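Structure first, then comments.
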Amino acid sequence: MMRTLLTSFVALAIFASHAAAQPAPALRANVTVSSDIVRIGDLIENAGPVAGVAIFRAPDLGTRGAVTTDRIVDAIRAHQLIGIDTRGLAEVIVTRASRAIPAQEISDRIAHVLSGQYGFGNPHNILVSFDRDVRTLQAEPEATGELQVVSLRFDPRTARFAVTFDLPSSAELARHPAQFTGTAIETVDAVAVDRPIERGEVLKAADLTVLRRPKSEISAIADTGAAVGLAARRQLRPGQPLQATDLMKPEIVQRNDTVTITYEAPGIVLTLRGQAQDPGGRGDTINVLNAQSKRVVQGVITAPGRVTVNVATSHVAENSTSDKISEPADKGPEISSQ
């Protein structure tokens, strides 16, 4: 009898010692699950043999939900897990893990497919617009690979598309293929100003930005380098693609400016005072009034305030002679030999 009692006591002591060594089960505050069910072990730390028992349905992929502590305790009670430390929590947040496929990835995939099948060129140049807001697609976290086209329709006349995607490694998308409709337009770079520019103002690199515009609608300047250093022919507004006709060479001579007229001929250079009849930039041909002869001649603007006239030697000699006779020597034209 004594031997039996002693054996029982030792066994009880060992059991108690073993039980004391095991951490107590405790409720988790936040849980992330990768499957469509929630198990006891997901919600309870140190759940022991019942950790793999399913008790709730998980939220949808990529979403989360809350389950109250009372519901958890009630669901576990039938599985003989007692002494749970609830840590004072009123609820547990359960998140369903997923692989997120955002709208930009979907748009890029559509552009890539259209580029390959319809000869759009670089997918980067295709502007994809959807008929309605596109929500992020959610697939299982272990799903790999890229979206695969199940069907594709495209009308070049209207630029409209309809596409259905699948992800072979995703059971969710296999059950519910993703469908999208919208338009796809090939675009090109278009240079625009990013602040209001007044007529005659010279453009600097800091004044310019690059937009994307439909290729079929515009014939705009595509390189900022082609606009830098030119002046606005008219008032320019942000967001409007620049055309070549919007710009001109900076005007370095204004109408009615006093200018130096230089007559050039082999061996002779004659300079006179004149008045510009037109505005213009370097290299432009304008009309100039010779202040002495009162004749209007045409010349090329070569520098600020300077217009050059190339004439035949005989004309230069004739004009220079008449001009010399009409003015005193100290006020006459300056003639220098070359």
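The values are calculated or read from the model by the stated rules, or taken from the named source; none is laboratory data. Values in this document were obtained by computation on a predicted structure and should not be read as measured data. Methodologically, a virtual Cβ is constructed for each residue, glycine included, from the backbone with ideal geometry; neighbour enumeration extends over all protein chains shown.
For this structure, a couple of remarks:
- Here GLY182, GLY225, GLY239 are screened, and the one residue that is assigned by TED's automatic domain parsing to the domain that holds ILE106, within 22 Å of the chain's Cα centre (by Cα), closer than 30 Å to ASP108 by Cα and modelled with pLDDT of 95 or more is GLY182.
- For beta carbons closer than 8 Å, sequence separation of 6+ or different chains, a first residue in region 30-50 that is under 21 Å from GLY88 (Cα atoms) and a second that is crowded, with 20+ Cβ neighbours inside 10 Å and of a type in the set (Asp, Glu), the qualifying pairs are VAL31/ASP42.
- Scan of region 51-67 for residues that are free of Cβ contacts under 8 Å to residues at least 24 places away in the same chain and more than 12 Å from ILE40 (Cβ to Cβ), ordered by number: ARG57
- Those residues of region 262-289 which are among the hydroxyl-bearing types (Ser, Thr, Tyr) and free of Cβ contacts under 8 Å to residues at least 40 places away in the same chain, in sequence order: THR285
- When residues of region 84-111 are limited to those that are assigned to a loop (DSSP other than H, G, I, E, B) and without any contact (Cβ under 8 Å) to a residue 24 or more places away in the chain, the one nearest to the chain's Cα centre (by Cα): ALA90
- Only residues that are within 17 Å of SER216 (Cβ to Cβ) and part of a helix (DSSP H, G or I) were counted across region 112-157, and they come to 4.
- In the set (1) under 46 Å from the mean Cα position of the chain (by Cα); (2) in a strand (DSSP E or B), the condition left unmet by ILE55 is number (1).
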